[in-house]
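The values are calculated or read from the model by the stated rules, or taken from the named source; none is laboratory data. Please read these numbers as outputs of a predicted model, since none were measured by experiment. Here the Cβ positions follow ideal geometry from the backbone for every residue, glycine too, while neighbour counts run over all protein chains shown. Ligands, DNA and RNA are stripped out before the accessible areas are found, and what is left, the full protein with its side chains, is counted by its heavy atoms. Shrake-Rupley method; radii C 1.70, N 1.55, O 1.52, S 1.80 Å.
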Amino acid sequence: MNLNIEQVEFFLFIAAIVAMVARLIKIPYTIGLVIAGLAIAFIPFSSDVGLSKELIFVIFLPALVFEAAFYIRWQELKEDFLVVLTLATVGVLLSAGVIATGMHYLAGWSWQIAMVFGILITATDPVAVIATFKETGVEGRLRLLVEAESLFNDSTAAVGFGIAVAFAMGQPTDLSSTVMLLVTTIGGGILSGAIVAGGLLLLAGQTEDPLVEITFTTVAAYGSFFLAEYFHCSGVLASLTAGLMVGNLGSLGSISDRGRKSVEAFWEYATFVVNSLIFILIGIQESQESFGLFIVPIVIAIAVVLLGRALAIYPLCALFSWSDLRIKMTHQHALFWGGLRGALALALALGLPVEIPHRTEIITVTFGVVAFSVFVQGLTMQPMLKAMGEIPDLTQ
């Protein structure tokens, strides 16, 4: 996976320095990490360091998905569940369709390749925005919508990606087999997460040792993911399910009060480590990409990705305008501009089969969109929230 312990230690030292400096000069921490990664790329020992699908899927993704789901309260989520589900299913398909159409007609990509790119790039990453929310104290409905919608749309994108790749590779796909694949992938992922989390919560209820409880939550995050992937189901959905169960059912007594504080502290640090490594490695990888070779499709991709996101947010949110689920326009703007692309999109792109046409171009264009997302959207998110009055007073 191209990452050894010496490099991890060095990157974490850099991450700690970046966190201190970013707070001083008031820029998002994640932006500082990517800039640090770009600088580290000039150090000789970093030449053998790079992102890979295995590194993201095996080490990073289970922790990020589990931790984000762990802090989502079901009592709050169920009130907006219909909104989140609509954006994460219909919204993802609508966005992917707009992107695929744009890449086909404007960039000249075949429909198969455009569909693969469309579905993988719809996976959003709220890490940079959530980091901004934490720094500025943003809570309430906006944070719930951004984080929950991103988690669920990641699951939709990961499931749809497999179908799109099979289609692009010329594998036979019909309606019945596609529906069966969707049912088994989604159902198997949820079931895997529920089985692992349920079993570990029962065990956790027999102890009040915080270290044991931390260990059980770690096994829940990774064990559910690997169990689902072993049976070719959705690991993202499995970790999401496990995180929701541990975060909500654990508070009912399965995890002790003392243990919960320890668990929260552990996962806060774990995600700091994972996010630090991800964004530094993104910076290093960005420096190695030949963006100049594909500048036209990158510019087209950025434009159609933003258009697809807009058409997935505003019209669908308008459906709830005359109900109790009405979404403030400022929240809609935050959902649109806060739909950053990151780890999952990169993992899916890097995991494309080597024989798929235009694989190198897809990967480079994906990195180009992620770079725009991190630097342009990430840097302007906080000023936008301030201009809309969402900072510092967010009570909804």
Looking at the range 259-270, which of the residues that are open to solvent by less than 10 Å² (accessible area, probe 1.4 Å) and at pLDDT 90 or above is farthest from residue 216 (Cα to Cα)? 267
Go through 341, 359 for me and flag whichever is of a type in the set (Lys, Arg), in contact with a helix residue (DSSP H, G or I) (Cβ under 6 Å, 6 or more places away or on another chain) and crowded, with 16+ Cβ neighbours inside 10 Å. 341
Being open to solvent by less than 10 Å² (accessible area, probe 1.4 Å) and over 23 Å from the mean Cα position of the chain (by Cα) is the filter here; which residues of the range 190-207 pass it? 204
Options 43, 113; residue that is surrounded by fewer than 17 Cβ atoms within 10 Å (Cβ to Cβ), hydrophobic (A, V, I, L, M, F, W, C) and out of contact with any strand residue (DSSP E or B) (no Cβ under 7 Å at 6 or more places or on another chain): 43
Against the conditions (1) in a helix (DSSP H, G or I); (2) among the aliphatic types (A, V, I, L, M); (3) at pLDDT 90 or above, where does residue 325 fall short? Just the number, please. (1)
Condition first: open to solvent by 30 Å² or more (accessible area, probe 1.4 Å) and not in a helix (DSSP H, G or I). Now tell me which residues in the range 211-234 satisfy that. 231, 232
Condition first: among the polar types (S, T, N, Q) and open to solvent by less than 30 Å² (accessible area, probe 1.4 Å). Can you find one or more residues in the range 81-95 that meet it? yes
Going residue by residue through the range 68-78, is there one that turns out to be among the hydrophobic types (A, V, I, L, M, F, W, C), part of a loop (DSSP other than H, G, I, E, B) and under 30 Å from residue 232 (Cβ atoms)? yes
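Quick grid of which residues meet (1) part of a helix (DSSP H, G or I); (2) modelled with pLDDT under 90; (3) open to solvent by less than 10 Å² (accessible area, probe 1.4 Å); (4) of a type outside the set (Asp, Glu):
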residue: 285; (1), (2), (3), (4): yes, yes, no, yes
residue: 292; (1), (2), (3), (4): yes, yes, no, yes
residue: 299; (1), (2), (3), (4): yes, no, no, yes
residue: 311; (1), (2), (3), (4): yes, no, no, yes
residue: 316; (1), (2), (3), (4): yes, no, no, yes
residue: 330; (1), (2), (3), (4): yes, no, no, yes
residue: 345; (1), (2), (3), (4): yes, yes, yes, yes
residue: 365; (1), (2), (3), (4): yes, no, yes, yes
Residue list for the range 245-258, restricted to those being crowded, with 24+ Cβ neighbours inside 10 Å and at pLDDT 90 or above: 246, 247
